[in-house]
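Just below is one structure, and these are the notes that go with it.
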Amino acid sequence: MLGWITVKGYWPYLWRDWITSVDHKRIGVMYCGLAMLMLIRGFSDAIMMRSQQSIATGGAGGYLHPSITTRSSGAHGTIMIFFVAMTFMVGLMNFVVPLQLGIRDVASVPTLNSVSLWLTASACC
């Protein structure tokens with residue numbers, strides 16, 4: 001994906017119009033995109049836990065160490081609540097609420113809205 005963006009020359013467009021944007025609609029879309037990315041990450045943890053449970057039946061040890069299973073269970077819960085459900089709701093609120101209120105931008109602090117998105121994205125790493 002990064003190679004395709006580089007070959008097509010989309011980096012200036014992405015930087016100017018999306019990454020440094022303070023438009024509430026674009027920030028809402030990026031929040032929802034981040035939530036979908038983290039949904040895939042949380043779903044992979046769920047698949048790993050369920051496959052461990054299905055393999056470790058009848059006294060078999062499974063393919064994961066028990067501490068890894070415990071950590072992935074905790075990570076799955078944290079990711080799905082904080083980085084999927086809450087991030088998706090914040091994205092929807094960023095997109096819809098200013099449109100419902102009929103205001104041009106988020107109430108006088110659009111830069112703080114953008115900083116909030118990128119702090120959330122950095123917390124996902």
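Things to note:
- Test: residue in the range 79-91 that is surrounded by fewer than 15 Cβ atoms within 10 Å (Cβ to Cβ), outside any helix (DSSP H, G or I) and of a type in the set (A, V, I, L, M, F, W, C): no
- Criterion: touching a residue at least 24 places away in the same chain (Cβ under 8 Å), out of contact with any Ser or Thr (no Cβ under 7 Å at 6 or more places or on another chain) and aliphatic (A, V, I, L, M) - qualifying residue of Val97, Val106: Val106
- Test set (1) touching a residue at least 24 places away in the same chain (Cβ under 8 Å); (2) under 25 Å from Leu14 (Cα atoms); (3) more than 14 Å from the chain's Cα centre (by Cα) - Val115 fails condition number: (1)
- In the range 54-72, residue farthest from the chain's Cα centre (by Cα) [restricted to those that are closer than 29 Å to Leu34 by Cα and surrounded by 11 or more Cβ atoms within 10 Å (Cβ to Cβ)]: Leu64
- Within the range 73-89, residues that are closer than 12 Å to Ala35 by Cβ and touching a residue at least 24 places away in the same chain (Cβ under 8 Å) sit with their Cβ atoms under 7 Å from residues that are open to solvent by less than 60 Å² (accessible area, probe 1.4 Å) and among the aromatic types (Phe, Trp, Tyr), at 6+ positions apart or across chains, in these pairs: Thr87/Tyr31.
- Any hit, the range 5-24, residues being surrounded by 12 or more Cβ atoms within 10 Å (Cβ to Cβ), in a helix (DSSP H, G or I), touching a Phe, Trp or Tyr at 6+ places or on another chain (Cβ under 6 Å) and in contact (Cβ under 8 Å) with a residue 60 or more places away in the chain: no
Residue-wise test of (1) touching a His at 6+ places or on another chain (Cβ under 9 Å); (2) under 23 Å from Thr111 (Cβ atoms).
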position: Ala35; (1), (2): no, yes
position: Thr57; (1), (2): no, no
position: Gly62; (1), (2): no, no
position: His76; (1), (2): no, no
position: Asn94; (1), (2): yes, yes
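The values are calculated or read from the model by the stated rules, or taken from the named source; none is laboratory data. Owing to the predicted nature of the structure, the values given are computational and were not obtained by experimental measurement. Here Cβ is always computed from backbone atoms with ideal geometry, including for glycine, and neighbour counts include all displayed protein chains. Ligands, DNA and RNA are excluded from the accessible area calculation, which covers all protein heavy atoms including side chains. Shrake-Rupley method; radii C 1.70, N 1.55, O 1.52, S 1.80 Å.
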